[in-house]
Structures are given as structure tokens and as C-alpha cells.
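Notes for the one structure printed next.
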């Protein structure tokens, strides 16, 4: 005869036979039900997968403010309550409706933490506060569930900052004479500003000229788009201060406006020429590249020591500027073409190399 199959008795059956064999060991029906419930809970626990909570943190927070439409950079950590290695799993960046806008893989596991590399996603084009949620999705494998973890983040997007530069402004300029200057504009995010308009205004805000930025940034700069603008000096003598304005319109992303000021001197038309010979005292050696100033008028001496300054009639103080030399100022009455000689005394510098490092009078 075949052997009888083994049968597992239930807790209720075991309780029945216990009572039958040992009448004094009485078990009530509620106790029997409790034993049955515990047995069922134990069986379910053995069949259900383990669950590990997770949490999300920032190891490199994003900047609180970024230019609209540019990259947001961050680095994320995920912690498991049991210190599990979660490399290869992903972190999602989601918007309010749950749409995933960026994903990065957990690449490192150290000190019970799982970490992504630095990654980026694009900020909205609109200015204002924007929110996202960093989500570590729920994952089940081999009888183990890692619960979902999440972290909200908020970043403010701002209009791009723009700035202006002006250079090559001549001074002095003869009244009512034309002159040219260089004007450049750049954006904090390096945006393409080619073809954009700049405006130059006088002290009253009246337009003096307009120009369009060129196609190529100035050499050696990140994105300084520039142009040369022709202007006409005012018909009055003295100091003048004008402004440059960049409206930053017609750009895809929002930009702040920018403005800058520049100044110059306007003078009467020259009537005479003052020729100044600059020599070294004691031996009469010509001094080259010395700046000769007569009021707002100036010129530089050539290799023979001569500097020629065209200027109107008047009384002027003559000064000489050259690092390593000194002279005493003198007054000149200019009522015709004149020639004068200036003797300069050599001054040994305290540091013999000092004026080789920087010469404020040297032409650039």
C-alpha cells in the first residue's frame, strides 16, 4: 500500500486535539481564533517582499536665481534606510503635472549614500519662481521594494543682465567736428546680440546717433558685440557728458536694459602750433614718448624729443608727464606759433623695476 500523504494540521486542529488529550488544558474559541489569526499573519509576512524607505537630498543645491532659459545645475543624493546600493537607478526631475523634464543616474555609493554626478536641466524662458520635484521612483526587485522618495525645489529665473562698454573716445575734440567712438554690449549669459541697436543721447536725452552691433564679438572677449559710431561734437566749448542706451528688445529671452556714460572736452579750432622739445637735463639727450600737456591739449614727443600741439590763442600751463622724470610746470602765452625747450630731471625709482611694470604715461 502506498504510504499515506503527510498532512499539516492547522492551529485550530492542534488546539482541538490538545483539548481532547488533555481535558484540563482548556482553550476557548476566542483564543483559538487569535492563534489562527497570528498564524495567518506570519504566513503573509513570509510571502510579502521587504520594504525599505528612501529619502532624497541635495549634495549640490541649484543656484537660488538663474538667468531665464539657461541651465540649472545640481547634484542629488538618495538614502536607503538600510544603506542599500542603488547605483544604476535614476532620479527624475518632474514638473507639477508629473512630466519628467530631466533624468540622472545614481553613479556613486559611499557611506550609505547614493549620489548622481552633476547634471543640468533647462530653466523656463519666463521670469519668476518655478518649482520642480526630485523623485526617486518606487522600485521592486528580488523580493525587495524601495519606496519612492522625493524632494521639492524652487528656483527663481531672472532677466539677463546686460552691460555696455565705450572706448576710443578722443579728447579734446574741436567744436562741431566729427569723431568716432567704439561701443560694445554683452549679456550675462553670453547671448547673441548681433544686429541689436544701441542709441547715443546728449545731456537732455535727445538722440545723437544710433548704431547696430556687429556680427563678431571683440577679440579676447566672451561675447562683447561692438560697433563703431560716428558723432559730431557740440558747438560749445567745455566738458560734455553723453549717454549710451541698449534697450535689449526683440530678443527671445528677457533682458534688462543697460546704459553707460562717456565724456570729452570740446575746444575752439586751433590757431597756432606750439612745438615743445623735451630733453634730459645735463646732457641734452632727447626724451621720447613724453606726454606734453597744455591745458586739455596734449601730444607725445617723438624719437627726436619733439612734440607739436595745435591749439587756439590763450594762456596755458605747460606740464610734462613721463615716468622716471620730473619738471617744473611753466606758463605759456600763446599768440602765435612758438617753440620751447623743456629740461627733465631723471628720478631714480625706489624699485628699479617698478616703472617697467606699469607706466601711467605710456600710450596704450
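Listed values, structure above:
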read-out	value
Residue match in region 250-265 (condition: assigned to a loop (DSSP other than H, G, I, E, B), buried (at least 17 other Cβ atoms within 10 Å of the Cβ) and within 44 Å of the chain's Cα centre (by Cα))	yes
Residue within region 194-205 that is touching a residue at least 40 places away in the same chain (Cβ under 8 Å) and over 25 Å from residue 264 (Cα atoms) present	yes
Sole residue being crowded, with 19+ Cβ neighbours inside 10 Å and closer than 26 Å to residue 67 by Cβ, chosen from 160, 130, 146	160
Any hit, region 116-123, residues being part of a strand (DSSP E or B) and more than 20 Å from the chain's Cα centre (by Cα)	yes
Checking residue 112 against (1) at positive phi; (2) at pLDDT 95 or above, the condition it does not meet	(2)
Check on residue 189, surrounded by 14 or more Cβ atoms within 10 Å (Cβ to Cβ) and at pLDDT below 95	yes
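Conditions tested, residue by residue: (1) out of contact with any strand residue (DSSP E or B) (no Cβ under 7 Å at 6 or more places or on another chain); (2) in the same structural domain as residue 169 (by TED's automatic domain parsing).
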{"residue": "263", "(1), (2)": "no, yes"}
{"residue": "288", "(1), (2)": "yes, no"}
{"residue": "295", "(1), (2)": "no, no"}
{"residue": "301", "(1), (2)": "no, no"}
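The values are calculated or read from the model by the stated rules, or taken from the named source; none is laboratory data. All values reported here derive from a predicted model rather than from experimental measurement. When we count neighbours, we look across all protein chains shown, and the Cβ atoms used for this are built from the backbone with ideal geometry, even at glycine.
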